[in-house]
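Notes for the one structure printed next.
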Amino acid sequence: MGFLYGLYIIMKKLLQPEVPMGYSSMMSVLLFSSRMIMLLLGIIGICINSAPQHVVKNTINIERNNFNDPV
């Protein structure tokens, strides 16, 4: 959606030169940077959720508690 709006802004600047100076470039950079931030946050979220769960098989010098918790 942001990509299409970015194209719209650039085309509007090319077809209608009375658009205020700096608006098109500022909006294009803002849309691009926010899109990259959202992409990177999504990648980080995928990496964190797919982290392997570690299971401790053996312990050394740790006494086992007397509760019903599996160790």
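The values are calculated or read from the model by the stated rules, or taken from the named source; none is laboratory data. In this text the structure is predicted, and so the values were computed from the model without any measurement. Ideal geometry is used to build each Cβ from the backbone, glycine not excepted, and the neighbour counts take in all protein chains shown.
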Original post:
What number of residues within segment 1-27 satisfy the criterion of being surrounded by 11 or more Cβ atoms within 10 Å (Cβ to Cβ) and of a type outside the set (K, R)?
Top reply: 14
Subject >> Residues of segment 28-67 classified as modelled with pLDDT under 75 and either surrounded by 10 or more Cβ atoms within 10 Å (Cβ to Cβ) or touching a strand residue (DSSP E or B) at 6+ places or on another chain (Cβ under 9 Å) (or both), total >> reply: 0
